[in-house]
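The values are calculated or read from the model by the stated rules, or taken from the named source; none is laboratory data. These figures come from a predicted structure and were not determined experimentally. Virtual Cβ from ideal backbone geometry, glycine too; neighbours counted across all protein chains shown. To get the accessible areas, we keep the full protein, side chains included, count just its heavy atoms, and leave off ligands, DNA and RNA. Shrake-Rupley method; radii C 1.70, N 1.55, O 1.52, S 1.80 Å.
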Amino acid sequence: AVDNAAKAGVKVIAYDRLIKSTGIAAYISFNNVAVGYNQADGVSKALDLENWDVAANGPARIIKMGGSPTDNNAILVRQGQDQILDPLEEAGKIEIVQDQWVDNWDAANATKLMENMLAAVGNDVDGVVASNDGTALGALTAMKAQELAGVVPISGQDATADGCNSIVKGEQTVTVFKDIRDLSPLAVELADKLAKGEDLGLEMYTLAELTLNDELEGEVPCQFLPVIQVTKDNVFDVVVKSGFQTYDDVYRDIPEDERPPKP
């Protein structure tokens, strides 16, 4: 459809998810590799893997939960996760004991997968690198049943209200904030420039590097917005004070004396 549009002179912007065609006029998203990097980094820091005592404890046992395998963003997120995890695995600090992808980023699928993975490893797991808040919360449903929630660090993405609430409750460990309020105005700005025939001033990336598929040829203009790692320590400052999520949603069910003052 994009190729046909391009042939007809119609400019197409791929919004957040890559359309794997050089026919697109622009691809805008967040730095999805950085998303994955921050997820794995957050779990690594929670476990203090740099100082993990392998002699005493053996390698830290890590479960990887990828996003939907049909979503190219999930592939890029995994690339970022592995920038942290691969060197740790090569150094003998961690062992990947399970690795599954969650169809459609579906929380119910994540719950079932985590139930099966925990059964397969006899609940012997030290950390979970999950790829977004929905799958993390689905996994936590299974982890709660085995009394692992709040004990085993787990990552997410999107700084959802439920994900941030889980973080302040001490269950989910880390999420990655992508301020989607900045993406729509960027799309409108670029569409306006395209309509006027102006230069977009974007950086070129090859389809091969964007998809990790060397068989794809050509390149597309891209812009990737920054992301922020969010934990219990900065969720108030980054997510609540910015107005991305409401104070009442993030601190739902948290006793008044354990909440920060309202901004």
Going by amide H atoms built from the backbone, whose H comes under 5 Å of the H on residue 157, apart from near neighbours? 132, 133, 134, 176
Would you compute, from DSSP H runs of 4+ residues alone, the mean residue ellipticity of the chain at 222 nm, taking -39500 (n - 2.57) per run and dividing by the full residue count, rounded to the nearest 500? -11500 deg cm²/dmol
Highest-MSF residue in the chain out of 104, 123, 213 [GNM, Cα springs under 10 Å]: 213
By the gyration tensor of its Cα atoms, with a ≥ b ≥ c the square roots of the eigenvalues, what is the shape of the range 98-233: rounded for a/c under 1.5, prolate for a/b over b/c, or oblate? prolate
With θ set to phi - 60°, apply the Karplus curve 6.51 cos²θ - 1.76 cosθ + 1.60 along the range 256-261 and write out the HN-Hα couplings as whole Hz, x wherever there is a Gly or Pro. 3, 6, 9, 9, x, x
What distance in nm lies between label points placed 7 Å from Cα along the C-beta direction at residue 146 and residue 56? 2.4 nm
Quick check for me: using +1 on Lys/Arg Cβ and -1 on Asp/Glu Cβ, what's the dipole size of the chain about its Cα centre, in debye to the nearest 20? 560 debye
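Considering only protein heavy atoms and a 1.4 Å probe, what is the carbon-and-sulfur percentage of the accessible area of the chain?
Values: 5690 of 12380 Å².
Whole-percent figure for carbon plus sulfur exposure: 46.
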If amide H atoms are modeled at 1.01 Å from N in the peptide plane, then the residues at a separation of 5 or more from residue 94, or on another chain, having amide H under 5 Å from its own are 60, 89
Expected vector for the range 235-251, Karplus 3J(HN,Hα) from phi with 6.51, -1.76, 1.60 and θ = phi - 60°, integer Hz, x for Gly and Pro, equals 4, 5, 5, 7, 9, 7, 5, 7, x, 5, 10, 7, 4, 5, 6, 5, 9
